[in-house]
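Chemist: I have a structure here, written as structure tokens, and I will follow up with some questions on it.
Nothing in this text is a laboratory measurement; each read-out follows from the coordinates by a stated rule. Note that the structure is predicted; figures quoted are calculated from it, not measured. Here Cβ is always computed from backbone atoms with ideal geometry, including for glycine, and neighbour counts include all displayed protein chains.
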Amino acid sequence: MSHIMIHGGGRLKGTLAVQGAKNSVLPILAATILHPGRTVLRGCPHLSDVEASIHILQHLGCKAGWEGADLVVDTSPMSRGDIPDSLMREMRSSVIFLGAILARLGWAEMSYPGGCELGPRPIDLHLSALRQLGAQLREEGGHIRCEARQMRGREIALSLPSVGATENAMLAACGAEGETTLFNAAREPEIADLQTFLRAMGCDVRGAGSSTICVVGRQPTRDAVHTVMPDRIAAATYLAAVAAAGGEVELRNIDYRHLSTVTAALHEAGCQISGGEGWVSLRSDGALRSIPSVRTAPYPGFPTDAQAVLMAALLQSRGATVFVENVFENRYRHVDELRRMGADISVAGRVAVVTGVPRLCGAEVRATDLRGGAALLVAGLAAQGMTRVGDIHHIQRGYEDPVRDLRMLGAEISLEED
Ligand code: EPZ
């Protein structure tokens with residue numbers, strides 16, 4: 001086991017290229033199953049969630065692995081459609097494989113993805129979409145068995161714009177006869193990236209990025225090469241770190257339009273922000289103002305995945321900020337750890353009120369989940385003294401090498417063995 005040590009209080013300065021997007025590469029790896037051939041993915045981040053997806057593809061009989069910097073998948077030898085409990089537990093978002101396996105084989109089996117640190121993670125919308133496409137689903141003993149000898153396209157309206165359910169429905173619809181129209185689809189940029197990949201593979205998918213997505217299924221597919229979009233949440237994390245510690249950063253390989261609600265919040269807190277084609281820069285004196293309120297919402301609203309890191313950046317701001325977490329039930333698990341560093345945060349259900357304190361002090365803390373763990377890095381950089389962050393496996397699910405990246409900005413940070 002290892003942990004991260006941070007000597008906080010110093011200003012940050014530098015330029016950083018943003019990693020590929022975890023929440024784009026995961027559904028794209030599932031989508032490779034739709035084509036019995038070869039896919040080359042460029043710009044893939046080296047993450048434990050990506051390794052978990054590679055293990056699932058290999059379990060299904062596919063070839064998957066790194067060839068230099070590229071992640072190469074060949075699903076032609078695929079021989080099975082079941083995902084065992086052990087692999088489902090490695091990554092709960094493995095449910096994203098369901099639609100693609102069903103489209104390819106006509107059947108799929110997996111155990112119910114467990115809940116996670118963010119609260120229950122229901123998949124009722126995923127299963128409802130598959131049933132509407134003609135799949136028969138049997139749920140017993142924590143397992144789901146799907147059969148769909150012939151799926152047929154149709155109109156599907158999602159009761160809420162779930163990212164995963166949108167992606168699962170898109171992938172299943174690629175295997176259905178005829179046209180599927182998905183209403184109230186999620187509009188996250190990662191879904192537009194998935195559409196770009198599907199179209200490169202020959203699938204007929206249109207409308208991603210809007211609330212209505214159209215798929216004409218059973219198109220001939222071909223080998224494809226795709227470069228994964230940059231990770232807007234990793235970018236938000238590094239902007240929050242510099243905002244909190246003070247200094248200046250230029251992020252490269254990022255679409256600043258994907259960060260507009262995050263940069264608007266940081267600007268309101270007193271940072272100087274500018275952005276252009278492929279870059280975003282931020283300058284902060286480290287003395288931030290509070291923001292009246294931050295409400296998370298599906299894209300293009302403020303991203304729930306950036307809630308924790310923005311909260312960490314505002315812990316020493318003048319005044320109080322009201323956070324309202326509207327997407328997940330239990331996404332304040334990082335609060336207790338931040339309190340150990342001297343943060344003043346009151347939580348009541350979905351509302352968290354952050355009152356700025358004059359000083360944060362380094363402490364021994366533990367990551368509770370992916371983005372909550374990233375928030376501890378942000379707070380540790382702004383705190384006086386040493387912070388030890390344990391349970392960093394949560395962080396490694398979504399950040400390729402935060403120690404490397406933050407060192408590029410001059411942070412006194414290191415990865416150490418327990
Ligand atoms: C994706 O999760 C992301 N994960 C999450 O990122 C992100 O926080 C989330 O979208 C929202 O943007 C990946 O893309 C791998 P949802 P997903 O379905 O698809 C409820 C991170 O930190 N819901 O949009 O699971 C659900 O409980 C991770 O990178 C149902 O009720 O999110 C939640 O309250 C964390 N029934 C809300 O919808 C369903 O069938 C939004 O979930 C599905 C979801």
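Chemist: If exposed means no more than 16 neighbouring beta carbons inside 10 Å and the site is in a DSSP loop, what's the longest run of the chain without any exposed GluC sites (Glu not before Pro)?
Modeler: Working: sites that count: 277, 329.
Of all site-free stretches, the longest is 1-276.
Chemist: Related question: Can you sort 158, 194 so the residue with the fewest Cβ neighbours within 10 Å comes first?
Modeler: 158, 194
Chemist: Show the residues, 5+ positions off or on another chain, whose built amide H is closer than 5 Å to the amide H of residue 21.
Modeler: Counting only residues 5 or more places away or on other chains, the set is 229, 231.
Chemist: Fewest first, what order do 237, 304 take by the number of other Cβ atoms within 10 Å? Could you put the intermediate results ahead of the total?
Modeler: Details: 237 30, 304 19.
Listed from fewest to most nearby Cβ atoms, that is 304, 237.
Chemist: Only bridges whose two residues both fall in the chain count here: according to DSSP, what percent of them are antiparallel, nearest 5? Walk me through the intermediate numbers first.
Modeler: On the way: 61 of 87 bridges.
Around 70 percent of the beta bridges assigned by DSSP in the chain are antiparallel ones.
Chemist: Only Lys, Arg, Asp and Glu count, each charged at its Cβ (+1, +1, -1, -1), so figure out the dipole size of the chain about its Cα centre, rounded to 20 debye.
Modeler: On the way: 41 positive and 46 negative charges, 128 e Å.
With only Lys, Arg, Asp and Glu charged at Cβ, the dipole is about 620 debye.
Chemist: Could you tell me the center-to-center distance, by alpha carbons, between segment 359-418 and segment 1-25 in angstrom?
Modeler: The distance from the Cα centre of segment 359-418 to that of segment 1-25 comes to 8 Å.
Chemist: In deg cm²/dmol, rounded to 500, what helix-only [θ] at 222 nm does the chain give when every DSSP H run of at least 4 residues adds -39500 (n - 2.57) and the total is split over its residues?
Modeler: Numbers: 14 runs with 129 residues, N = 418.
So the helix-based figure for the chain works out to -9000 deg cm²/dmol.
Chemist: In degrees from 0 to 90, rounded to the nearest 10, what is the angle of the helix 370-382 Cα long axis to the longest principal axis of the chain?
Modeler: 20
Chemist: Quick check: the angle from helix 163-173's long axis to the longest principal axis of the chain, C-alpha only, nearest 10 degrees?
Modeler: Its long axis makes an angle of about 20 degrees.
Chemist: Return the sequence-ordered ³J(HN,Hα) values of segment 247-264 in whole Hz as given by the Karplus equation 6.51 cos²θ - 1.76 cosθ + 1.60 applied to θ = phi - 60°, using x for Gly and Pro.
Modeler: These are the phi-based 3J(HN,Hα) values: x, 8, 9, 10, 9, 9, 6, 9, 8, 4, 5, 6, 10, 4, 6, 6, 5, 5 Hz.
Chemist: Now, a different point. Do you know the relative contact order of segment 231-307, to the nearest whole percent, from alpha carbon pairs under 8 angstrom that are 6+ apart? It would help to have the intermediate numbers written out before the result.
Modeler: Values: 123 pairs, mean separation 26.6, N = 77.
Computed over segment 231-307, the figure is 34 percent.
Chemist: Based on C-alpha coordinates, I'd like the Rg and Dmax of the chain, in Å.
Modeler: Spelled out, the Cα radius of gyration and Dmax of the chain are 21.3, 63 Å.
Chemist: If you don't mind, another one. Find out how many positive minus negative residues lie around residue 245, taking Lys and Arg as positive, Asp and Glu as negative, among other residues whose Cβ is under 11 Å from that of residue 245.
Modeler: Working: positive: 11, 13; negative: 248, 285, 412.
Around residue 245, the surrounding residues sum to -1.
Chemist: Report, in degrees rounded to the nearest 10, the 0 to 90 angle that the Cα long axis of helix 48-59 makes with the longest principal axis of the chain.
Modeler: That helix lies at roughly 20 degrees to the long axis.
Chemist: Answer rounded, prolate or oblate for segment 104-209, using the Cα gyration tensor with square roots of eigenvalues a ≥ b ≥ c: rounded when a/c is under 1.5, else prolate when a/b is larger than b/c, else oblate. Write out the running numbers ahead of the final one.
Modeler: Numbers: a/c = 1.78, a/b = 1.20, b/c = 1.49.
In terms of gyration-tensor shape, oblate.
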